[in-house]
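Below is one structure, written out as structure tokens, with a few remarks after it.
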Amino acid sequence: MKAVGARLPRYDGVGHVTGRTRFVDDVRVGKTLWVKALRSPHHHAAITRLDVSKAAAMPGVHAIVTHEDIPRNVYGHLEALGVPGDEPLLAAEDVRYLGQPIAAVAAESEAAAQAAVEAIEVSYEEKPALFDIRKALDPDAPQIHHWGNVYPHYGSYNHRRVRKGNIDWAFEKADVIVEGVYRPQAIEQLPLETQVCTVVPEPDGRLTVYSCTQAMYFSMGVVAAHLQWPLNRLKFVGGTVGGGFGGKVDTATDTICCLLALKARRPVKWRWTREEEMLCSSTRAPWHIELADAVTSDGWILGRRTLTIHDAGAYARFSPYGLTKHAFHHSGAYTIPNLRFDGFVAFTNRVPTTAMRGFGVTSVSFAVETHLNRVAEAIGMDPWELRLKNANRVGDTTGNGVTLKDPSTVPVTLAAAERVGIELPAEYRAMTSDPRGGDLLPEHLAAQQNLSELNGGGH
Amino acid sequence: MAKHRGRGFATIEYPTGMNQNGDPSQAWIKLKPDGRVDVFSGTVDIGQGSKTVHTQIVADTLGVPYDWVTMDNTNTDSSAVCTGTFASRGTFIGGNAVRLAAERVRERILDIASKELEIDPSDLEIADGEVLAKGSPQKKIGVADVAGAATYNYGELISGSSTALKPFADVDDATGQVEIEPHSAISYAACVADVEVDDETGEVTVLKMVQVYDVGRAINPLLVEGQIEGGAIMGLGLGLLENSYPYYPSVDHRGGEFGAYLGPAFADLPELDNVIIENPSADGPFGAKAIGEMANNAQPPAIANAIHDAVGVWVTEMPATPDRVLAALKAKAEPRRDGKRVIFDEQLSVRTVSSNGGEGYWGVEP
Amino acid sequence: MRLTVNGIESEISSPPLTPLLHVLRDELDVTSPKAGCQQGGCGTCTVLVDGEPRRSCLTPVAAVDGASITTLEGVGEPERLSPVQAAFYEKYAAQCGFCTPGMIMAATALIDRKGGPVERDEVLEALGGHYCRCTGYVKIVDAVMAASRGEVGDVQDLPVSEAGEPSVEVHGSPA
Ligand code: FES
Ligand code: FES
């Protein structure tokens, strides 16, 4: 019997349907303390005073941590990929979004921890906030990030670029130029399980971290960096998560729980309320995308000019990565020989945005696919035919110079048309992903074909 | 005042694995003395089913029954590195890690079986938990006996480990060009949405979505369907319902209550029709490509295009809430034409909204 | 106060206004009801109180003093799944599994109440306030309808599925 291709039952299915699957919140450890966080009530402010002494003296309070307790407070999750760190684990001087954590308490009960949070003495000096990414580079915009209002570390550029072919030629040569603006929104990842973590100090000095992370080794690296510990002092236990969708790559609770468990010498547990999950955990990013397509009246897309601004919220997190992925896929499932793309990661005083299903590409798929229908309308062409004509084919090169080996734009589009009974002209129905030739290889595409690369191994 | 039907579609592509690569997954496998298989992988199952998929891959790579395979992804002491469950990398990269580890285990099984059967390993194959001589299947030995012999006669632990890793693809910051493929594979999909738009309330109802996915190889079709269906409803939420900032860019009226947030519910469920295409990838386990992340990308534009088809207006700020649809119906905006330029949405653009014509964004060097 | 939970009677020591959810999870260690929102908005905490589905996060324990509570642990065993559990298992109606306890409790109550086949609309209505972020609901609706019709295989047979060639629709792929 072959297993691959079979409708075998879920490996963990019996556990799920009998309520026996153990999620992090179901882990039971004796003498566990509860964690609560002090969070910024302002969108943007300087912290002028922070005194936890009264709170620390309250009954049932076992530990409080602030930025001073963290061996390395600022650690960038993508430092290994060249994205420097900018976000403190606990705010030190400034708070840059409503809900940003400043201190965390471990106490005998959830109520005692909350009472201690409320007893922490803290004062702020409010600063002007920025929310509209379109205005982030205006001369009068409030300065909200020490790097400036856009991420400045794409090599020597403050934006991610794609330059391919000759964009001026394409716009010159075009019969029609179609321009549009697309604004996909922020949404919640909304897993049914909120952020949750339990950390147990072990007799040998290690910490066992029961984590809802989507990435155990990644999160372990993040915790180890903040603690400045070798990896073998940590043991992450996880692998079973009540929904993630990208939001549980953030390592939102693990490090603070480790710090509190060490300080209190007791197991600690932090389960975010739904309200915290919705207001303080990161969202999918909002995006602003401006497209201009240079097209011929017979439906060739000669070139595309793109400006994208990605709303990162207050800190970079994974946004520089997400924008690069966006840039690499901004021509969609089509072959466009001349491209000019400029993408910016802009900071605002909202909760930092992060990965979510389709990261970086969901936004550009919306923009491109809606835009193509406008293009089709502008030149009076059927939108199915427009797509099939410009579809990726074997041997085409992508915006960043990759030769495609096994694209499926044509088969999925044709299958969809067939399934809903769209009658396409025979020449379109007969299309495949085979390398271009004849009418489908006009001069402007022929110049970029690299079929030899395909046969010679290429990329 | 009436309800109008419309149809829209979209075709999309999505990469498998982390953009620019460099994201390893490792796995190791050992046999118990009765031939049962322990797999250790760090891949987190967030519900997508990686434990199931990896078990299937290992079972077939080794040639043993599915229920011989135990999957331990519970902790970082027993498992090796998995970069994580994101970037649609679980089936492809995590799956390749367990496949490659299983291939090594398979070689060890064949080596020991070869000694027991006195047949060259290249003339042996494994099926249903037995090592058989190719062409003369009456000469055989159970994998259980091989594992027992390894443990008790040869003093050997049959095990294997491996890493699936594609090297980091550097990008030229001036041009965005790469030297090596910055992904593991690319998957494609198309979605056709049929909607009904009420021009009095602005409400949009998705009636049906037909979705076609090329996943290379559906290792477990039920899990693939689960991704298609779950993604469809998430895409519907993106297209029509959900918004963390209902008055974006303003932060006003951001809600902290589950009940106040318009996540898609049972009542929003349209008719769904799934089509799976298998155009195998060269490098994926059994030809698989990814599906997880792309599964909510095609619906929002398909829905926006369907709304246009129904009532003739473009809603390009997501989601297409009743307010926005009504505002668009009222405005009946036509694009501005300037020579060969056809200009939509000017009021939303950086040039319009910024105080200096968007100089900071538009003024970059060519 | 006393509660009978899955047939076992216990004396309850939590304060009277403690949500039933916390009594179950923290005092009695019955962990299948989940704290998805604790706002009454998601349905993951649903249990049966004298046979009726209730959101345990919004139910003070004093309000159900003396009642008989059924949670997912009391519905079936791994070796002896109830029809609804078997249908959820067979039809992949659980992905991450976090909404599943609440879904199965609500579905069990619906099927018990109806006593015969339930229709799609009835599932949408009865489970309407239960959220699932993973599945897109399709397979949950299928599972509940199948369970109400007794259309579930012998669970013992489930792990063995006929396979070989893919059972999916394969359209022509390019060269
Ligand atoms: S936890 Fe009770 S309804 Fe969400
Ligand atoms: S299976 Fe994950 S929320 Fe329903």
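Counting only DSSP beta bridges with both residues in the range A:261-365, tell me the antiparallel percent, nearest 5.
Antiparallel bridges make up about 45 percent of those DSSP assigns within the range A:261-365.
Taking the mean number of other Cβ atoms within 10 Å as a proxy for protection, how do you rank B:106-114, B:93-101, B:150-158, C:43-51 from highest to lowest?
Going by the mean number of other Cβ atoms within 10 Å, highest first, we get B:93-101, C:43-51, B:106-114, B:150-158.
Could you work out the local net charge near B:Ala27, counting Lys and Arg as +1, Asp and Glu as -1, over the other residues with Cβ closer than 13 Å to its Cβ?
Charge balance in the 13 Å sphere: +1.
Between B:Glu118 and B:Leu207, what is the label-point separation in nm under the 7 Å Cα-to-beta-carbon projection?
Going from the B:Leu207 label point to the B:Glu118 one covers 7.5 nm.
Taking the convex hull of the alpha carbon atoms in the range A:250-294, what volume per residue do you get, in Å³?
94 Å³
Quick one: angle between helix A:409-419 and the longest Cα principal axis of chain A, in degrees between 0 and 90, rounded to 10, please.
It works out to around 90 degrees.
Can you work out the PRE-style zone for B:Lys340? Point 7 Å along Cα to Cβ, and I want the residues of the range A:295-335 with backbone N under 11 Å.
Correct set: A:295-298, A:302-303.
What residues of the range B:117-136 lie in the reach of a label at B:Glu156, counting those whose backbone N is under 14 Å from a point 7 Å from the Cα along Cα→Cβ?
Backbone N within reach: B:117-122.
Calculate the spin-label point distance for C:Ser10 paired with B:Ala127, positioning each point 7 Å from the Cα along the beta-carbon direction, and give it in nanometres.
Modelled inter-label distance: 5.4 nm.
Say R0 is 30 Å: what FRET efficiency, to the nearest 0.05, do B:Ala331 and A:Glu126 get from their beta-carbon distance?
Result of the calculation: an efficiency of 0.20.
Quick one: net charge of A:Gly360's neighbours, Cβ under 12 Å, K/R +1, D/E -1?
Summing Lys and Arg as +1 and Asp and Glu as -1 gives +3.
Under the rule of at least 5 residues apart or a separate chain, name every residue whose amide H is placed under 5 Å from the amide H of C:Thr46.
C:Lys34, C:Ser56, C:Gly102
Given the options B:Glu278, B:Glu257, B:Glu116, which has the most mean-square fluctuation in a GNM of chain B, springs set between C-alpha atoms less than 10 angstrom apart?
Comparing B:Glu278, B:Glu257, B:Glu116 in the GNM, the peak value goes to B:Glu257.
List the relative contact order of the range A:55-174 as a percent without decimals, with contacts defined as Cα pairs under 8 Å and 6+ residues apart.
It comes to 20 percent, rounded to a whole number.
Under the definition of partner shielding as Cβ atoms of other protein chains within 10 Å of a residue Cβ, what is the mean value for peptide A:309-317?
1
Take chain B, connect every pair of alpha-carbon atoms lying under 10 Å apart with a spring to form a Gaussian network, then pick out the residue of B:Ala27, B:Ala87, B:Ala169 with the largest mean-square fluctuation.
Largest GNM mean-square fluctuation: B:Ala169.
Identify the residues of the range C:4-21 with backbone N under 20 Å of a label point that sits 7 angstrom from the Cα of A:Ala111 along the Cα-to-Cβ direction, or state none.
Counting backbone N atoms under 20 Å from the label point, the list is C:12-21.
Give me the percent of DSSP beta bridges within the range B:20-164 that run antiparallel, rounded to the nearest 5.
85 percent
Mind listing the phi-derived Karplus ³J(HN,Hα) values for the range A:314-331, rounded to whole Hz, using 6.51, -1.76 and 1.60 with θ = phi - 60°, and x for any glycine or proline?
Once rounded to whole Hz, the list reads 6, 9, 6, 6, 9, 4, x, 5, x, 5, 5, 4, 4, 4, 5, 10, 7, 9.
Per residue, how much space in cubic angstrom lies within the convex hull of the C-alpha atoms of the range C:83-148?
Given the Cα convex hull of the range C:83-148, per-residue volume reads 67 Å³.
Classify the range A:23-85 as rounded, prolate or oblate from the Cα gyration tensor: take a ≥ b ≥ c as the square roots of its eigenvalues, call it rounded if a/c is under 1.5, otherwise prolate when a/b beats b/c and oblate if not.
Oblate is the answer for the range A:23-85, as a/c is 1.5 or above yet b/c matches or exceeds a/b.
Straight-line reach from A:Lys127: which aspartates and glutamates fall under 12 Å, measuring Cα to Cα and dropping same-chain residues less than 8 apart?
In chain and number order, the partners are A:Asp94.
Along the Cα→Cβ direction, 7 angstrom out, place labels at A:Glu418 and B:Glu257. What is the inter-label distance in nm?
For A:Glu418 paired with B:Glu257, the spin-label model returns 5.0 nm.
Quickly rank A:389-397, B:302-310 as a protection proxy: mean count of other C-beta atoms within 10 Å, highest first.
B:302-310, A:389-397
Gaussian network model of chain B, Cα springs within a sub-10 Å range: biggest mean-square fluctuation belongs to which of B:Ser355, B:Ser122, B:Ser161?
B:Ser355
Taking each residue in B:332-345, count the Cβ atoms of any other chain within 10 Å of its Cβ, then average. What number comes out?
That average works out to 5.
Taking every DSSP beta bridge that has both residues in chain A, what percent is antiparallel when rounded to the nearest 5?
75 percent
Can you give the convex hull volume of the alpha carbon atoms of the range C:2-74 per residue, in Å³?
That works out to 71 Å³ per residue.
If we count every other residue with Cβ under 12 angstrom of B:Lys289's Cβ, Lys/Arg +1 and Asp/Glu -1, where does the sum land?
Surrounding charge for B:Lys289 is -3.
So how tilted is helix B:299-311 from the main axis of chain B? Cα-based, degrees 0 to 90, rounded to 10.
The answer is roughly 30 degrees.
Per residue of the protein assembly as shown, what 222 nm ellipticity follows from adding -39500 (n - 2.57) for every DSSP H run with n ≥ 4, rounded to the nearest 500?
The helix contribution divided over the protein assembly as shown gives -7500 deg cm²/dmol.
What translational diffusion coefficient, in µm²/s and rounded to a whole number, does the Stokes-Einstein relation yield for the range B:1-147 at 37 °C and a viscosity of 0.692 mPa s, taking the hydrodynamic radius as the Kirkwood radius over Cα pairs?
Stokes-Einstein gives a translational diffusion coefficient of 192 µm²/s.
Among B:327-336, C:91-100, B:187-196, how do they line up from the highest to the lowest mean number of other beta-carbon atoms within 10 Å?
Ranked by mean Cβ neighbours within 10 Å, highest first: C:91-100, B:187-196, B:327-336.
Taking a ≥ b ≥ c as the square roots of the eigenvalues of the Cα gyration tensor of the range A:44-130, is the shape rounded (a/c under 1.5), prolate (a/b larger than b/c) or oblate?
Because a/c hits 1.5 or more and a/b fails to exceed b/c, the range A:44-130 counts as oblate.
In terms of the Cα gyration tensor, with a ≥ b ≥ c the square roots of its eigenvalues, is the protein assembly as shown rounded because a/c is under 1.5, prolate because a/b exceeds b/c, or oblate?
The shape class here is rounded.
When only alpha-carbon atoms are used, what values of Rg and Dmax, in angstrom, describe chain A?
Rg then Dmax for chain A, in Å: 26.0, 82.
Say the cut-off is 18 Å between C-alpha atoms; which of B:Lys289/C:Lys139; A:Lys235/A:Lys269; A:Lys36/A:Lys269 go over it?
Pairs exceeding 18 Å: B:Lys289/C:Lys139.
Laboratory data are not the source of any read-out in this text; all were calculated from the coordinates shown. Just so we're clear, the structure is a prediction, and the values are computed from it rather than from any experiment. Here Cβ is always computed from backbone atoms with ideal geometry, including for glycine, and neighbour counts include all displayed protein chains.
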